[in-house]
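Input: a single structure, listed below in structure tokens.
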Amino acid sequence: FNLFREKKIRKNEEKFWQWFEENETRLFDFQKNRELIFNEIGQQLNTVHDNLTFEIGAKIKDGKRDFVLSADGIKAAIPVVESLYDKASKLKRWNIIKYRPRLGSPCDITMNGKEIKGEDVYFRLFIEKNLVKY
């Protein structure tokens, strides 16, 4: 049963990238109809795996956009992200990225004239009697 499911996923991965290439121009200019385009991408990704998600970045200086594939933190979808990424077509206007890149350092907060820098904030978790304490 798993072998059949994996074959179906692989076939749907190929179909996804074929669809992506065929619609590349519309997808690249998604702002013209953002909701429709994002719904279409989501539907296409769901044919590969229900838990896949994506992000599209702003145009960057080399005229490309980032297309980020994500498992959205769901372990069962991680191998699918890996496989889908490996099957990605080489597209001139897209950087295909697996997993959401870490964003910069946490933001700084200023309140009542006091500033707390994000890099100065730390925490630890302790497990005590099957409870997590911080």
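Among the numbered conditions (1) within 13 Å of the chain's Cα centre (by Cα); (2) over 16 Å from GLU13 (Cβ atoms); (3) at pLDDT 95 or above, the only one that ARG102 does not meet is (3). Figure legend. Inter-residue proximity from the range 22-49: first residues open to solvent by 70 Å² or more (accessible area, probe 1.4 Å), second residues outside any helix (DSSP H, G or I), beta-carbon distance below 8 Å, spacing 6+ or different chains. Indicated pairs: ASN46/LEU52.
Of all residues in the range 68-87 being in contact (Cβ under 8 Å) with a residue 60 or more places away in the chain and open to solvent by less than 20 Å² (accessible area, probe 1.4 Å), which is nearest to ASN23 (Cα to Cα)?
LEU84
Assess whether ARG26 counts as being modelled with pLDDT under 95, out of contact with any strand residue (DSSP E or B) (no Cβ under 9 Å at 6 or more places or on another chain) and either closer than 17 Å to LEU91 by Cβ or not charged (D, E, K, R) (or both). So ARG26 fits the description; yes. Does ARG65 satisfy the condition of being surrounded by 14 or more Cβ atoms within 10 Å (Cβ to Cβ), touching an Asp or Glu at 6+ places or on another chain (Cβ under 9 Å) and not small (Gly, Ala, Ser)? When the stated conditions are applied, ARG65 does not pass them.
The values are calculated or read from the model by the stated rules, or taken from the named source; none is laboratory data. Quick caveat, the model's predicted, so the values are computed rather than measured. Neighbour counts run over all protein chains shown; Cβ positions are idealised from the backbone, glycine included. Heads up: the accessible areas ignore ligands, DNA and RNA and are worked out on the full protein's heavy atoms, side chains in. Shrake-Rupley method; radii C 1.70, N 1.55, O 1.52, S 1.80 Å.
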